[in-house]
1. Take segment B:102-119 and flag every residue that is open to solvent by 60 Å² or more (accessible area, probe 1.4 Å) and free of Cβ contacts under 8 Å to residues at least 60 places away in the same chain.
2. Of B:69, B:75, B:57, which residue is more than 8 Å from chain A (Cβ to nearest Cβ), out of contact with any helix residue (DSSP H, G or I) (no Cβ under 7 Å at 6 or more places or on another chain) and open to solvent by less than 20 Å² (accessible area, probe 1.4 Å)?
3. Scanning for something under 24 Å from residue B:114 (Cβ atoms) and not in a strand (DSSP E or B), does segment A:28-39 turn up at least one residue?
4. Please count how many residues of segment B:16-48 are touching a Gly at 6+ places or on another chain (Cβ under 9 Å), outside any helix (DSSP H, G or I) and within 18 Å of residue B:77 (Cα to Cα).
5. Can you name the number of the only condition in (1) open to solvent by less than 40 Å² (accessible area, probe 1.4 Å); (2) more than 25 Å from residue B:48 (Cα to Cα) that residue A:4 fails?
6. Tell me the residue from B:94, B:116 that is at pLDDT 95 or above, aliphatic (A, V, I, L, M) and part of a strand (DSSP E or B), please.
7. Can you tell me which residues in segment A:11-54 are closer than 29 Å to residue B:52 by Cβ and more than 14 Å from chain B (Cβ to nearest Cβ)?
8. Being free of Cβ contacts under 8 Å to residues at least 12 places away in the same chain and within 7 Å of chain A (Cβ to nearest Cβ) is the filter here; which residues of segment B:80-101 pass it?
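The values are calculated or read from the model by the stated rules, or taken from the named source; none is laboratory data. Model, not experiment: these values are computed from the prediction. Positions of Cβ are generated from backbone atoms using ideal geometry, with glycine treated the same way; all protein chains shown enter the neighbour counts. Heavy atoms of the whole protein, side chains included, go into the accessibility calculation; ligands, DNA and RNA do not. Shrake-Rupley method; radii C 1.70, N 1.55, O 1.52, S 1.80 Å.
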Amino acid sequence: MALEKELATYRLLRDTLLRDWAGKYALIKGDHLENVYDTYAAAFGAGTRLFGNSGFLVKRIVDPEPIETGVPG
Amino acid sequence: MTREPARVLRGSIALAQGDVDNLRESGALVEVSLSQPDEMAQSIREKGGDPGAAFRAVALIDTGASIAAIDNALAQRLGLVQTGEGSVAGVTGVQTQPIYAAKIEAGGVTLDPWRVLGSPLSSQGFQVLLGRDFLEQTTLVYDGRAGSFTLGGGGSSFLVKALGIGLGLGTVGLVTAFALGAFRKRR
């Protein structure tokens, strides 16, 4: 599964991130939280500059997790 | 069932009566441009790679969808980078699908980068869904009685007429028309 390690890192840090950075976007590569950004675009831009197209997670820090609707699965 | 191609007309001039049946059956279809986000394309070029050209795809404007979506195969073909996962409610429960970063241009709106959910769309007769996250960036006016809709944003607007046959595009120098090839749509 793509981004498995990054998603595990997010789950590990989730409570702390929710407490301090709710609503913002976490940039995670591997087991490292790179930084937190105000927007998806800012986090994506930083991830691109740092990691290129090698894969990184941009995760909105929210609880509960949104469930998208109306899209075929 | 074979659908007539929609036409997307840049501008705001009414050229002909729309086709009510076609719009009802096919939905609000527009042509969109999809590509790597600019920053990612630049990063790929700097490393000697080829980010690929923009791809023109057929998109359904869908107020029932909460988020934009792209056909999984097309996302792979464009080499879009996965930046996450999304939970999607379906008839069999909630499932996880990839989220990609893309640049989307449609209706005078450019979204770069934008989150798009990977989804099996190709069998639907279109490759992209423009959901409510896209619609937050623009204005959609759906005139079902006239068989037309307008999509505006970013200082320009599109007038979209379902069934553009006979519009006499050659006589109208004020607009640029993009004909989408005929395609089949299955629901």
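1. Going through segment B:102-119, the residues open to solvent by 60 Å² or more (accessible area, probe 1.4 Å) turn out to be B:105, B:110, B:115.
Residues satisfying the conditions are B:110, B:115.
2. Numbers: B:69 fails: more than 8 Å from chain A (Cβ to nearest Cβ); B:57 fails: out of contact with any helix residue (DSSP H, G or I) (no Cβ under 7 Å at 6 or more places or on another chain).
Result: B:75 is the single residue among B:69, B:75, B:57 that is more than 8 Å from chain A (Cβ to nearest Cβ), out of contact with any helix residue (DSSP H, G or I) (no Cβ under 7 Å at 6 or more places or on another chain) and open to solvent by less than 20 Å² (accessible area, probe 1.4 Å).
3. Going residue by residue through segment A:28-39, those that are under 24 Å from residue B:114 (Cβ atoms) are A:28-29, A:33-39.
From what's left, not in a strand (DSSP E or B): A:38-39.
Yes, segment A:28-39 contains at least one residue that is under 24 Å from residue B:114 (Cβ atoms) and not in a strand (DSSP E or B).
4. Qualifying residue count, segment B:16-48: 4.
5. Against the list (1) open to solvent by less than 40 Å² (accessible area, probe 1.4 Å); (2) more than 25 Å from residue B:48 (Cα to Cα), residue A:4 comes up short only on (1).
6. Details: B:94 fails: at pLDDT 95 or above.
That would be B:116, the only listed residue that is at pLDDT 95 or above, aliphatic (A, V, I, L, M) and part of a strand (DSSP E or B).
7. Residues of segment A:11-54 closer than 29 Å to residue B:52 by Cβ: A:25-30, A:34-35, A:37, A:39-54.
Correct list: A:30, A:35.
8. Quick first cut of segment B:80-101, residues free of Cβ contacts under 8 Å to residues at least 12 places away in the same chain only: B:87, B:89-96.
Residues satisfying the conditions are B:87, B:89, B:90, B:94, B:95.
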